[in-house]
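The values are calculated or read from the model by the stated rules, or taken from the named source; none is laboratory data. As the structure is a computational prediction, the values presented were derived from the model and not from experiment. A quick note on method: Cβ atoms are made from the backbone with ideal geometry, for glycine too, and the neighbour counts reach across all protein chains shown.
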Amino acid sequence: MKYLISPAFFLVLVLAVTAQDKFNPYQYSISKHFTGANGAVVAAHPLASQVGVMILRKGGNAVDAAIATQLALAVVYPGAGNIGGGGFMVIHLSGGKDLTLDFREKAPLKGSRDMYLDANGNADLNKSQHGHLAAGVPGAVAGIFKAMPYARLPFKQLIQPAIDLAAKGFVITGAEAADLNDDRELFVKNNTRPTAFVKDIPWKAGDTLVQKELAETLIRIRDQGKKGFYEGKTARLIVAEMDRGKGMISLEDLKKYDAVWRDASVFEYKGHRVVTMPLPSSGGVLLPMMMKMTARFPIDSFGFHTPKSVQLMTEIERLAYADRAKFLGDPDFYAVPVKTLLSDDYITSRLRLYQPDTAGDSRRIASGDVTKESEETTHLSVADKEGNAVSLTTTLNGGYGSHTVVGGAGFLLNNEMDDFSVKPGVPNMYGAVGGEANAIAPGKRMLSSMTPVIVLRSGKPVYVTGTPGGTTITTSLYQTLLNLIDFKLSALDAVNQPKFHMQWLPDTLYVEKEFPEALKATMERMGYKVNSRGHIGRTELIVIDNGKIEAVGDFRGDDTAAGY
Ligand code: GLY
């Protein structure tokens, strides 16, 4: 398959990242493709990828590198990297063990089902999306310490690059400058103290971003461990910020928060074992549903981006997403019928609704609900030379989360509360609706789409992948995996070829602008409402084949593949 992304684009971007023991935060470049044998890291920012590789070179394993990369992202990629948000981590250990870690945020203990309803019972989406009340109890730092027993290097070594990047600063990319400028008003509006993200004149590429207060918070975490965030000075600063902005997170919320190991969602697909995050990741149910449906068809013979394969995949996405918000929520609070949803009989019954060669009709498919989420999240993939792999997705929810920075502590709080159904049965921020399963309750985790994936063949990792993108996360990964397994695309094409997305409601097939025009026209003739949209996801992929490690950073952002 010919590589279809503009060669000019690549000439600009394919400047190799030299994986050294030191890196230069004032001069770096973006690299989209790495091949080697020792280890690789793919993340949303070149400096974060370089930090991960530096840790691998120092003898760290994939877990060490993932933790260091995640912490670096919290500094160099503040739109989604975070210590004030949450996420999921899937680990494959070279001994054969698979682990899935849930460090998703929780609703504060003072939270309640109707907390975003006004006196007339209408949902106030401004409060669930912006400012102090939008924040769930952060899970990222608890997740890091839960994973530490599987790391090898001392924590001090893993966090130091992030501390240095925050204290001494780094130069920002053009994309980061544009994002900070776009959100200036939101920062001004949602903060009670000055923040490092606002300055008097617009940001531009090459400006240095210094985050002194964040550096001090990271130092407290370095020196005091988990307590450096959830107790003591940082916790007091969070609660003081809540008091100033009428938020709800309390000292008790912080002290009680812990990350949890969950039983992985594991399924077989054409000789591959797919390991991913279970609930509260909706992907742990939707991805197996979609791939189990797909396995009933000879889709490889339909071909990549043919009307036949795109129509089938679109209808499968529709069928799976119709069940999403009706049935899925935090399993600690709601009895989700996962076994039934993934059973052969249920898959058969859903496929009875499938009609080839014509657009389906979401009104006819089911009466379930679906929640559309904001798309700003970030993913990192790591593989080391020992056969360990980590797939980690983390988020603040929207870009820069709630836009509220904790005064004196320098980090952004998430706006993850909007991932709940703020009023079950009523459209949320993007005009979609959510179900009872995902209603707010104190201490409950909001449903997520984050779907970090590790695919094994004969017990060894072959693909380590994931992406941001809200509800498009699971459909992006579904397509990436089919691109690799069924359509035999190269790693570069599997990531970079145009993606499409159907989520049942709205009854629209979304395609990236680069999606082939002729194919779009054919889909329209079949009866689909097709909308072109901006980029879908930023998929980070590592392919491991007989000791060869190939890493691809998505062309859609500053994403960088690095290794040694
Ligand atoms: N907030 C994005 C997600 O968890 O799916």
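Looking only at region 191-209, count how many residues are under 23 Å from residue 131 (Cα atoms) and not polar (S, T, N, Q). Write out each step before concluding.
Residues of region 191-209 under 23 Å from residue 131 (Cα atoms): 191-200, 202-203, 209.
From the residues that got through so far, the ones that are not polar (S, T, N, Q) too are 193-194, 196-200, 202-203, 209.
Qualifying residue count for the region: 10.
So is residue 275 among the β-branched types (Val, Ile, Thr) and in contact with a His (Cβ under 9 Å, 6 or more places away or on another chain) or not? Show your work before the answer.
On the way: among the β-branched types (Val, Ile, Thr): yes; in contact with a His (Cβ under 9 Å, 6 or more places away or on another chain): yes.
Spelling it out, residue 275 is indeed among the β-branched types (Val, Ile, Thr) and in contact with a His (Cβ under 9 Å, 6 or more places away or on another chain).
Per-residue answers, yes or no, for (1) of a type in the set (A, V, I, L, M); (2) assigned to a helix (DSSP H, G or I):
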site: 313; (1), (2): yes, yes
site: 339; (1), (2): no, yes
site: 348; (1), (2): no, yes
site: 359; (1), (2): yes, no
site: 363; (1), (2): no, yes
site: 394; (1), (2): no, no
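For residue 22, which of the numbered conditions (1) crowded, with 24+ Cβ neighbours inside 10 Å; (2) over 18 Å from the mean Cα position of the chain (by Cα) fails to hold?
That leaves (1) as the condition not met.
Between residues in region 524-540 that are within 16 Å of residue 506 (Cβ to Cβ) and residues that are polar (S, T, N, Q) and crowded, with 19+ Cβ neighbours inside 10 Å, which pairs lie under 6 Å by C-beta distance while being six or more apart or on different chains?
Listed by first residue and then by second, the contacts come to 536/472; 536/476.
Output the qualifying pairs, or none if there are none: Cβ atoms under 8 angstrom, residues six or more apart or on different chains, first residue in region 141-152 and within 13 Å of residue 104 (Cβ to Cβ) and modelled with pLDDT of 95 or more, second residue among the polar types (S, T, N, Q) and part of a helix (DSSP H, G or I).
Cβ pairs passing all conditions: none.
Got at least one residue in region 50-61 being touching a His at 6+ places or on another chain (Cβ under 8 Å), modelled with pLDDT of 95 or more and not small (Gly, Ala, Ser)?
So the first thing to find is which residues in region 50-61 are touching a His at 6+ places or on another chain (Cβ under 8 Å), and the list is none.
Scanning region 50-61 turns up no residue that is touching a His at 6+ places or on another chain (Cβ under 8 Å), modelled with pLDDT of 95 or more and not small (Gly, Ala, Ser).
For region 475-488, which residues satisfy the criterion of being assigned to a helix (DSSP H, G or I) and out of contact with any Lys or Arg (no Cβ under 9 Å at 6 or more places or on another chain)? Working first, answer last.
Let us first name the residues in region 475-488 that are assigned to a helix (DSSP H, G or I), namely 475-485.
Correct list: 477, 478, 481, 482, 483, 484.
Looking at residue 285, is it away from the ligand (no atom under 16 Å from the Cβ) and not hydroxyl-bearing (Ser, Thr, Tyr)?
Details: away from the ligand (no atom under 16 Å from the Cβ): no; not hydroxyl-bearing (Ser, Thr, Tyr): yes.
The answer is no for residue 285.
Restricting to region 88-142, count the residues that are outside any loop (DSSP other than H, G, I, E, B) and under 19 Å from the mean Cα position of the chain (by Cα).
Kept after step one, since they are outside any loop (DSSP other than H, G, I, E, B), are these residues of region 88-142: 88-92, 98-103, 106, 117, 123, 125-129, 132-134, 137, 140-142.
If we keep only those that are under 19 Å from the mean Cα position of the chain (by Cα) as well, we get 88-92, 99-103, 106, 129, 134, 137, 140-142.
Result for region 88-142: 17.
Among the residues of region 438-464, which ones are within 16 Å of the ligand (Cβ to nearest atom) and either surrounded by fewer than 24 Cβ atoms within 10 Å (Cβ to Cβ) or part of a strand (DSSP E or B) (or both)?
Listed by number, the residues that qualify are 440, 444, 445, 448, 453.
Hand me the list of helices (runs of 4 or more DSSP H) wholly inside region 189-251 holding 3 or more residues that are more than 28 Å from the chain's Cα centre (by Cα) and free of Cβ contacts under 8 Å to residues at least 40 places away in the same chain.
Numbers: elements: 212-224, 227-230, 232-245.
Fully inside region 189-251 and qualifying: 232-245.
Give me the residue from region 31-62 that is among the β-branched types (Val, Ile, Thr) and farther than 21 Å from residue 164 by Cβ and, out of that set, surrounded by the fewest Cβ atoms within 10 Å (Cβ to Cβ).
This residue is 35.
Cβ-Cβ below 8 Å, separation at least six or inter-chain, first residue in region 441-467 and of a type in the set (Phe, Trp, Tyr), second within 16 Å of the ligand (Cβ to nearest atom): which pairs?
463/453
Can you tell me which residue in region 104-142 is farthest from residue 184 (Cα to Cα), limited to those that are surrounded by 23 or more Cβ atoms within 10 Å (Cβ to Cβ) and hydroxyl-bearing (Ser, Thr, Tyr)?
Residue satisfying both the conditions and the ranking: 116.
For region 398-409, name all the residues that are surrounded by 24 or more Cβ atoms within 10 Å (Cβ to Cβ), assigned to a loop (DSSP other than H, G, I, E, B) and at pLDDT 95 or above. Before the answer, list the steps.
Restricting attention to region 398-409, the residues satisfying the condition of being surrounded by 24 or more Cβ atoms within 10 Å (Cβ to Cβ) are 398, 400-406, 409.
Within this subset, residues satisfying the condition of being assigned to a loop (DSSP other than H, G, I, E, B) are 398, 400-404, 406, 409.
Matches in region 398-409: 400, 401, 402, 403, 404, 406, 409.
Which condition number does residue 417 fail, the rest of (1) of a type outside the set (D, E, K, R); (2) at pLDDT below 80; (3) part of a helix (DSSP H, G or I) being met?
Residue 417 satisfies all of (1) of a type outside the set (D, E, K, R); (2) at pLDDT below 80; (3) part of a helix (DSSP H, G or I) except (2).
Which one of 265, 282 is among the polar types (S, T, N, Q), touching a strand residue (DSSP E or B) at 6+ places or on another chain (Cβ under 6 Å), crowded, with 21+ Cβ neighbours inside 10 Å and more than 23 Å from residue 520 (Cβ to Cβ)? Before the answer, list the steps.
Numbers: 282 fails: touching a strand residue (DSSP E or B) at 6+ places or on another chain (Cβ under 6 Å).
Result of the check over 265, 282: 265.
What number of residues in region 285-315 are surrounded by 21 or more Cβ atoms within 10 Å (Cβ to Cβ) and of a type in the set (Lys, Arg)?
Total meeting the criteria: 1.
Looking at region 471-498, which of its residues are within 16 Å of the ligand (Cβ to nearest atom) and of a type in the set (Val, Ile, Thr)? Spell out the reasoning first.
As a first pass, look at region 471-498 and keep what is within 16 Å of the ligand (Cβ to nearest atom): 471-478.
471, 472, 473, 474, 475 - these are the residues of region 471-498 that are within 16 Å of the ligand (Cβ to nearest atom) and of a type in the set (Val, Ile, Thr).
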